[in-house]
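Student: My questions will all concern the structure given below.
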Amino acid sequence: MSVIFDFLGKSARQNVLDALEKAKSNEQYHALLNLTEKRALERADSVDRGEITGQLAGVPFVVKDNFLAFGAPTTAASKILENFESPLQATAVEKLESEGAICIGKANLDAFAHGGSTENSAFGPTKNAFDMERVAGGSSGGSAVVTALDIVPFALGSDTGGSIRQPASFNGVVGVKPTYGAVSRFGVVAMASSTDVIGAFTTNVADAELIMEIITGHDERDGTTLPDFFKKADVKTNQKIGLIKDFMTSDVDPEVLARTNEYVEKLRAAGHTVEEVELPMAKYALAIYYIVVPAELSSNLARYDGIRYGYRAEGVKTLAELYGKTRDLGFVTENKRRIMIGSYVLSSGFFDAFYLKAQKARTLLINEFDKLFEKYDALIGPVVPTPAFKLGENTADPIRMYLTDIMTVPTSLAGLPALSVPAGTTDAGLPIGVQLMGPRRSDAALLALARQMETK
Amino acid sequence: MTKISSDDVQHLAQLSSLQLSDDEIDSLPTDISNILGYVEQLSELNTDGVEPTYQVTDLENVWRDDVIIDYGISREQLLDLAPDATSDSVKVPKVL
């Protein structure tokens, strides 16, 4: 697979033309919703004329279509934003562009990033890069697949409960979910504000480190960004790493367990100590998540009302009708399901029993992580209980779909950095990722560890 | 276990400013009942005296100067985004 270095010092126009051609010849995967061809070629010419320089000069990339970016509508894979042309760009996109990177298209996702398979896209699902009968994963499925198919060397995604890590695992690429607040979310369609993070897909760890160096950092336009802290690091020797026993149960696919155990052996062979650890609150994490996240997203999605931008339903007489019908036609069923659960858990009679209870349970989960990080440098476990599942396999049962996130939501609720790195495949050739997790702000240390292991 | 009826779903839809399709009116009571049933497992946890976590940054009171930041976007550009607008306002159906 391609690495960023291979694109540097080449004709930017040729890089972009090649990427666009690969995008078009892989249309059957439906990884991209729109190409930004015209703008990409204009920017490529500017790079070739030396007007734009930087660490990524002439390197093509793709953004998940919940990032505001010029050149094509920002749809969030929804009907309500189908034709929304943003007047501004996300900070992460601006930072990449200021280093000369060139966005060539917008990747498919579950509408408003609600889902774990990209099957909730209002424009149809993305297919897995290794088996077209299987899901890409989600919600950042399109971003994972364009990276895995070698259309571009990197892509941006967002991760609220696993939306970068799970598709990275399903498509055999590196997926980075940084510490909460490491990357500005300005200009990214908000889902759950207390867990949303911005991250990247790459084909190798060194490229992930480069992208993180560029996109991380404090942003005055996002009050939740942390002071700058990310700096590429050398790997620390003799690390103590905890293997989360609660993630290694008989509910997990045997091949996923096997690849995880092999990775653990590689860590040991590299001189690190790996011990089994317990995270008893992990089994409650998904329940916490499906209270907190719907609550937050029901508020964040209130802004899509058909008034100031986006789709507005026709033939309505009253304002209430306008809201109702616009949101009926503008959202997919999963959006509505989550908004209504949010309305339920926040309503006055149920607030204490659901929302407040969940936020207290969240504290207990965070306390368990903190305790583990007093003794361990990092934690390891699978990313997802299974390899990529078949299209349609989980769509009839929301809870079965939600359960695919059971090992990614704990770190999201705690705001911790976590990586999905390729750890081999099943006998049938489906990729399997392993998850490395660390304390807050340990992003660079985790990547250094992953980089060391990549060569083993 | 919490059982959500069709009426409950209609009420939640109304609270959420959502109209539902007939299919959704059929499927959502079961879906939402099942999801609430799943999350109710938290009731077995003892959370007495535990402080809730609403955010994980440890940042507090992030202030900025009360000055206008120029994003380079004009009033016309924003009005152009609206589905219905006059030269200086967004148009909506009658409210009252």
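The values are calculated or read from the model by the stated rules, or taken from the named source; none is laboratory data. Here the structure is a predicted model, which is why all the values come from computation and not from measurement. For neighbour counting, all protein chains shown are included, and Cβ atoms are generated from backbone atoms with ideal geometry for every residue, glycine included. Note: areas computed on protein heavy atoms with side chains; ligands, DNA, RNA excluded. Shrake-Rupley method; radii C 1.70, N 1.55, O 1.52, S 1.80 Å.
Student: Look through the stretch A:302-341, keep the residues that are within 26 Å of A:Ile399 (Cβ to Cβ) and in a loop (DSSP other than H, G, I, E, B), and return whichever of them is nearest to the other protein chains (Cβ to nearest Cβ). It would help to see each step written out before you state the result.
Tutor: Our first condition is that a residue be within 26 Å of A:Ile399 (Cβ to Cβ); within the stretch A:302-341, this holds for A:302, A:304, A:327-328, A:330-341.
Then drop every residue that is not in a loop (DSSP other than H, G, I, E, B), which leaves A:304, A:331-332.
On the way: A:Tyr304: 10, A:Phe331: 7, A:Val332: 10 Å.
Across the stretch A:302-341, the extreme among qualifying residues is A:Phe331.
Student: Within the stretch B:64-90, how many residues are free of Cβ contacts under 8 Å to residues at least 12 places away in the same chain, more than 9 Å from chain A (Cβ to nearest Cβ) and assigned to a loop (DSSP other than H, G, I, E, B)?
Tutor: 8
Student: For the stretch A:405-422, how many residues are within 14 Å of another protein chain (Cβ to nearest Cβ) and open to solvent by less than 40 Å² (accessible area, probe 1.4 Å)?
Tutor: Here the count works out to 11.
Every residue, every condition in (1) open to solvent by 10 Å² or more (accessible area, probe 1.4 Å); (2) of a type in the set (Phe, Trp, Tyr), yes or no:
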| residue | (1), (2) |
| --- | --- |
| A:Ala111 | no, no |
| A:Gly116 | no, no |
| A:Asn120 | yes, no |
| A:Phe123 | yes, yes |
| A:Ala129 | yes, no |
| A:Gly137 | no, no |
| A:Ser143 | no, no |
| A:Val152 | no, no |
| A:Leu156 | no, no |
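Student: Look at A:Ala378 and say whether it is surrounded by 24 or more Cβ atoms within 10 Å (Cβ to Cβ), among the aliphatic types (A, V, I, L, M) and closer than 30 Å to A:Glu255 by Cα.
Tutor: Here the answer is yes, as A:Ala378 does meet what is asked.
Student: Since A:Ala285 meets every condition but one in (1) surrounded by fewer than 24 Cβ atoms within 10 Å (Cβ to Cβ); (2) within 30 Å of A:Leu430 (Cα to Cα); (3) not polar (S, T, N, Q), which condition does it not meet?
Tutor: Of everything listed in (1) surrounded by fewer than 24 Cβ atoms within 10 Å (Cβ to Cβ); (2) within 30 Å of A:Leu430 (Cα to Cα); (3) not polar (S, T, N, Q), A:Ala285 misses just condition (1).
Student: Pull up the stretch A:399-456, narrow it to residues that are among the β-branched types (Val, Ile, Thr) and not in a loop (DSSP other than H, G, I, E, B), then point me to the one that is farthest from A:Thr386 (Cα to Cα). Give the derivation first.
Tutor: Of the residues in the stretch A:399-456, the ones among the β-branched types (Val, Ile, Thr) are A:399, A:404, A:406, A:408-409, A:411, A:421, A:425-426, A:432, A:434, A:455.
From what is left, the residues that are not in a loop (DSSP other than H, G, I, E, B) are A:399, A:409, A:411, A:421, A:425, A:432, A:434.
On the way: A:Ile399: 15, A:Val409: 16, A:Thr411: 19, A:Val421: 15, A:Thr425: 11, A:Ile432: 8, A:Val434: 11 Å.
Checked the stretch A:399-456; the qualifying residue farthest from A:Thr386 (Cα to Cα) is A:Thr411.
Student: Something else: Name the single residue, out of those in the stretch A:382-404 being out of contact with any Lys or Arg (no Cβ under 9 Å at 6 or more places or on another chain) and either surrounded by 18 or more Cβ atoms within 10 Å (Cβ to Cβ) or modelled with pLDDT of 95 or more (or both), that is farthest from the other protein chains (Cβ to nearest Cβ).
Tutor: A:Thr386
Student: Among the residues of the stretch A:277-301, what is the count of those that are facing another protein chain (nearest Cβ under 8 Å) and part of a loop (DSSP other than H, G, I, E, B)?
Tutor: 0
Student: Right, another one. Spot the failing condition for A:Glu213; the list is (1) open to solvent by 20 Å² or more (accessible area, probe 1.4 Å); (2) part of a loop (DSSP other than H, G, I, E, B); (3) over 25 Å from A:Phe123 (Cα atoms), and only one is missed.
Tutor: Of the numbered conditions (1) open to solvent by 20 Å² or more (accessible area, probe 1.4 Å); (2) part of a loop (DSSP other than H, G, I, E, B); (3) over 25 Å from A:Phe123 (Cα atoms), the odd one out for A:Glu213 is (2).
Student: So is A:Glu42 free of Cβ contacts under 8 Å to residues at least 12 places away in the same chain, in contact with a helix residue (DSSP H, G or I) (Cβ under 9 Å, 6 or more places away or on another chain) and of a type in the set (D, E, K, R) or not? Can you show your working first?
Tutor: On the way: free of Cβ contacts under 8 Å to residues at least 12 places away in the same chain: yes; in contact with a helix residue (DSSP H, G or I) (Cβ under 9 Å, 6 or more places away or on another chain): no; of a type in the set (D, E, K, R): yes.
Here the answer is no, as A:Glu42 does not meet what is asked.
Student: Hey, A:Phe369 hits all of (1) within 21 Å of the chain's Cα centre (by Cα); (2) within 12 Å of chain B (Cβ to nearest Cβ) but one; which does it fall short on?
Tutor: With respect to (1) within 21 Å of the chain's Cα centre (by Cα); (2) within 12 Å of chain B (Cβ to nearest Cβ), A:Phe369 is out only on (1).
Student: Where the second residue is open to solvent by less than 50 Å² (accessible area, probe 1.4 Å) and of a type in the set (Phe, Trp, Tyr) and the first is over 19 Å from A:Ala285 (Cβ atoms) and lies in the stretch A:240-265, which pairs have Cβ atoms under 8 Å and are six or more apart or on separate chains?
Tutor: A:Lys240/A:Tyr376; A:Ile241/A:Tyr376
Student: Report yes if some residue within the stretch B:8-20 is out of contact with any strand residue (DSSP E or B) (no Cβ under 8 Å at 6 or more places or on another chain), at the interface with chain A (Cβ under 8 Å from one of its Cβ atoms) and farther than 28 Å from A:Ile288 by Cβ; otherwise report no.
Tutor: yes
Student: Would you pick out the residues in the stretch B:38-62 that are open to solvent by 100 Å² or more (accessible area, probe 1.4 Å), more than 7 Å from chain A (Cβ to nearest Cβ) and modelled with pLDDT of 90 or more?
Tutor: Step one: of the stretch B:38-62, the residues open to solvent by 100 Å² or more (accessible area, probe 1.4 Å) are B:44, B:46, B:48, B:51, B:54, B:58, B:60-61.
Filter again for more than 7 Å from chain A (Cβ to nearest Cβ), leaving B:44, B:46, B:48, B:58, B:60-61.
Within the stretch B:38-62, B:Glu44, B:Asn46, B:Asp48 meet the criteria.
Student: Turning to a different aspect of this structure: Which one is surrounded by the fewest Cβ atoms within 10 Å (Cβ to Cβ), of the residues in the stretch A:17-31 that are more than 19 Å from A:Phe201 (Cβ to Cβ) and touching a residue at least 24 places away in the same chain (Cβ under 8 Å)? Let's see the steps before the verdict.
Tutor: To start, the set of residues in the stretch A:17-31 that are more than 19 Å from A:Phe201 (Cβ to Cβ) comprises A:17, A:21, A:24-25, A:27-28.
In the following step, the residues that additionally are touching a residue at least 24 places away in the same chain (Cβ under 8 Å) were identified as A:17, A:28.
Numbers: A:Leu17: 17, A:Gln28: 8.
Filtering the stretch A:17-31 for residues that are more than 19 Å from A:Phe201 (Cβ to Cβ) and touching a residue at least 24 places away in the same chain (Cβ under 8 Å), the one surrounded by the fewest Cβ atoms within 10 Å (Cβ to Cβ) comes out as A:Gln28.
Student: Looking at the stretch A:194-203 only, could you name the residues that are touching a strand residue (DSSP E or B) at 6+ places or on another chain (Cβ under 8 Å) and either surrounded by 23 or more Cβ atoms within 10 Å (Cβ to Cβ) or closer than 16 Å to B:Val56 by Cβ (or both)? Give the derivation first.
Tutor: Initially, the stretch A:194-203 is screened for residues touching a strand residue (DSSP E or B) at 6+ places or on another chain (Cβ under 8 Å), giving A:196-203.
Residues satisfying the conditions are A:Asp196, A:Val197, A:Ile198, A:Gly199, A:Ala200, A:Phe201, A:Thr202.
Student: Please give the number of the condition A:Thr425 fails out of (1) within 30 Å of B:Leu28 (Cα to Cα); (2) open to solvent by 10 Å² or more (accessible area, probe 1.4 Å); (3) of a type outside the set (Gly, Ala, Ser).
Tutor: (1) is the only condition that A:Thr425 fails.
Student: Hey, any hits in the stretch A:216-231 for a residue that's touching a Phe, Trp or Tyr at 6+ places or on another chain (Cβ under 7 Å), open to solvent by less than 10 Å² (accessible area, probe 1.4 Å) and either away from chain B (no Cβ under 14 Å) or touching a residue at least 12 places away in the same chain (Cβ under 8 Å) (or both)?
Tutor: Within the stretch A:216-231 (the criterion being touching a Phe, Trp or Tyr at 6+ places or on another chain (Cβ under 7 Å), open to solvent by less than 10 Å² (accessible area, probe 1.4 Å) and either away from chain B (no Cβ under 14 Å) or touching a residue at least 12 places away in the same chain (Cβ under 8 Å) (or both)), the answer is no, since none of the residues qualifies.
Student: Among (1) crowded, with 22+ Cβ neighbours inside 10 Å; (2) touching a Leu at 6+ places or on another chain (Cβ under 8 Å); (3) under 21 Å from A:Phe5 (Cβ atoms), where does A:Val47 come up short?
Tutor: Answer for A:Val47: the failing condition is (2).
Student: I've got another one for you. So B:Lys3 clears everything in (1) surrounded by fewer than 17 Cβ atoms within 10 Å (Cβ to Cβ); (2) more than 9 Å from chain A (Cβ to nearest Cβ); (3) part of a helix (DSSP H, G or I) except one condition, right? Which one?
Tutor: Answer for B:Lys3: the failing condition is (3).
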